[in-house]
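Written below as C-alpha cells is the structure these notes are about.
The values are calculated or read from the model by the stated rules, or taken from the named source; none is laboratory data. As the structure is a computational prediction, the values presented were derived from the model and not from experiment. Don't worry about glycine lacking a Cβ; one is built from the backbone with ideal geometry, like all the others, and counts go over all protein chains shown.
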Amino acid sequence: MKVEFYKHPLGDDEIKSLTEVIHSTFLTTGPKTREFEAEFAKYMRAEYSVGVTSWTMGGFIALKALGIGPGDEVITTPMTFMATANIIIECGATPVFVDVEPETGNISCDAIEKYLNEPSPGPSRKREGRNNVKAILPVHLYGQMCDMRRMSEIARKHNLAIVEDCAHSVESERDGVRPGELSDMAVFSFYATKNLASGEGGAITTNRKDLYEKLMVLRQHGMNKSAADRYTARFKHYDMETLGYKCNMFDIQAAMLLPQLPRLAERLARREAIGKRYEAGFRNAKGISDPSVLPNSVHGRHLFTIWVDPEIRDEVLSDLQDRGIGVAVNFRSINRLTYYKEHFNLPNGSLPVSERIGDSTITLPLYTKLKDEEIDYVIAQTIASVAAAQTRMAAPREGVLS
C-alpha cells in the first residue's frame, strides 16, 4: 500500500469560484479578496482581516506595523519553521529563543518569564529586566494553542506586543480563547498543505484599527489606494505615505479560499477522528509517544507527529518511506540549523527540550481524504519499523565486546 503524505481536498466548488474570477475584471486584489477578508474576520471573531501573499510576508509586515526594528528583541520559539525567526531578522531585530514545553512543544511561558526577569546583560547588570524586548511571537504548534491567557498577562506586565503564528491553528481554541483574541495580531498561512489552503497565501487578523490601517498600506508598497480603489469609479490619485512592500492577496487566492470556509468544521471533525485513531493505535506501542492534546481546548489537528528515540529516528523515516508511507519532520530545532547556530551562538544543548523534540519527531500523514485502512496501515508499519530499529540498536555490534 502507498499512503501519500498529503492530498488536498479542493474540488468543483473551488474550480467554480476560480472560473468566476477569471471571467471577471479583477485578478488582483478586488471584490473576492474583500469578501474573503470579511468572512475570515467573522470566522476568527476579529474586527479586521488583511489578506496577504504568504504567512512570511504577513508576519513581516505585522512586525513592521509595530515598529519592530534594529536594537529590538522578539521572544520566540525554536520549535518552528524557520520563517518565524527569519522575519524578525529581516526587520533588523534579534530573535530570542526560549525553550518549549516537553508535553506539547509549544513555547514555555515559564521560560519567557525567566528571560524577562533576568538582569540585562552588560557591565551594569541592572535589574530592570530586558529593556530591548518589544514583542513575543508564539507558535501554536501542530494546532495546539499556547497558553494565551497567561502569555497575555506576561505581555501586559512587561508592556510587550504579541503577534501569534497561527499557521497551524485556524480552527483552534483554548480556555475559551481563539487565535488573535488576546494578542495584537494573529498571522495565518494558506500554504498548500494547510487546513485552509490556496497554494500560497495568508492573512492577518487584528482588533486594533490603527494596526489594520497600517497593514493595508504596508501590504501594497506604502500606497494609500489599491488598484480597485483607483479604477472601479472615477480615477483617484494615489500617494505613498510610508515605505511599504508587495504582498497583497489577490482574487485568485481568495476565490480558492472562500468555498472552504463553510467546510472547516466538517473537515476538522474528520481530522480529529484520524488523530484519535492514531493516538489509540500508538497508545501501548513501545518506544513511541506523541504530543499532548490538552483539556479544555480544540486542537486544529494540522499535523500528527510522533516522538521516537533520536538514535533511530532517521532510520525509521527512511524505512517508512520504503514501506510506501509519506513522512516529514516538523520541525528541526532552530539552533540545529547552520545559520542560527553560527550567527546566534546557539550550540547543541542550549535549548534541550526543543532539541530533543526536533531530533525525535516524525510527522505522519493527516488529511481528510485519508481512509481508515490507510491509517491502520500507517500505524502497523510505524510500530513494526520502530520495533525493528530498536532491535537492531540493541543488538551487539560486530567486533564490540558485550
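See the values below:
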| quantity | calculated |
| --- | --- |
| Subset of the range 309-338 that is assigned to a loop (DSSP other than H, G, I, E, B) and hydrophobic (A, V, I, L, M, F, W, C) - its residue that is nearest to the chain's Cα centre (by Cα) | Phe331 |
| Selection status of Ile362, assigned to a strand (DSSP E or B) and either among the aliphatic types (A, V, I, L, M) or in the same structural domain as Ile75 (by TED's automatic domain parsing) (or both) | yes |
| Residue match in the range 270-284 (condition: surrounded by 21 or more Cβ atoms within 10 Å (Cβ to Cβ), touching a residue at least 40 places away in the same chain (Cβ under 8 Å) and within 18 Å of the chain's Cα centre (by Cα)) | yes |
| Pairs with Cβ under 7 Å, 6+ apart, first in the range 1-28 and under 23 Å from Gly51 (Cβ atoms) and touching a residue at least 12 places away in the same chain (Cβ under 8 Å), second surrounded by 15 or more Cβ atoms within 10 Å (Cβ to Cβ) and polar (S, T, N, Q) | Pro9/Thr368 |
| Any hit, the range 349-356, residues being assigned to a loop (DSSP other than H, G, I, E, B) and closer than 30 Å to Arg392 by Cβ | yes |
| Condition broken by Glu37, with the remaining ones in (1) charged (D, E, K, R); (2) out of contact with any strand residue (DSSP E or B) (no Cβ under 9 Å at 6 or more places or on another chain); (3) buried (at least 19 other Cβ atoms within 10 Å of the Cβ) satisfied | (2) |
| Test: Ser189 is in contact (Cβ under 8 Å) with a residue 12 or more places away in the chain, closer than 19 Å to His299 by Cβ and among the hydroxyl-bearing types (Ser, Thr, Tyr) | yes |
| Of all residues in the range 75-115 being in a helix (DSSP H, G or I) and among the polar types (S, T, N, Q), the one that is surrounded by the fewest Cβ atoms within 10 Å (Cβ to Cβ) | Asn86 |
| Residue count, the range 22-34 (criterion: farther than 14 Å from Gln220 by Cβ and crowded, with 21+ Cβ neighbours inside 10 Å) | 1 |
| Residues of the range 236-294 satisfying the condition of being at pLDDT 95 or above, more than 25 Å from Lys194 (Cβ to Cβ) and charged (D, E, K, R) | Arg283, Lys286 |
| Flag if Thr94 is modelled with pLDDT of 95 or more and among the hydroxyl-bearing types (Ser, Thr, Tyr) | yes |
| When residues of the range 288-324 are limited to those that are without any contact (Cβ under 8 Å) to a residue 24 or more places away in the chain and among the small types (Gly, Ala, Ser), the one farthest from Ile379 (Cα to Cα) | Ser318 |
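Conditions (1) within 21 Å of His302 (Cα to Cα); (2) assigned to a helix (DSSP H, G or I), marked per residue:
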position: Met1; (1), (2): no, no
position: Leu10; (1), (2): yes, no
position: Ser17; (1), (2): no, yes
position: Glu20; (1), (2): no, yes
position: Lys32; (1), (2): no, yes
position: Ser49; (1), (2): no, no
position: Gly58; (1), (2): yes, yes
position: Ile61; (1), (2): no, yes
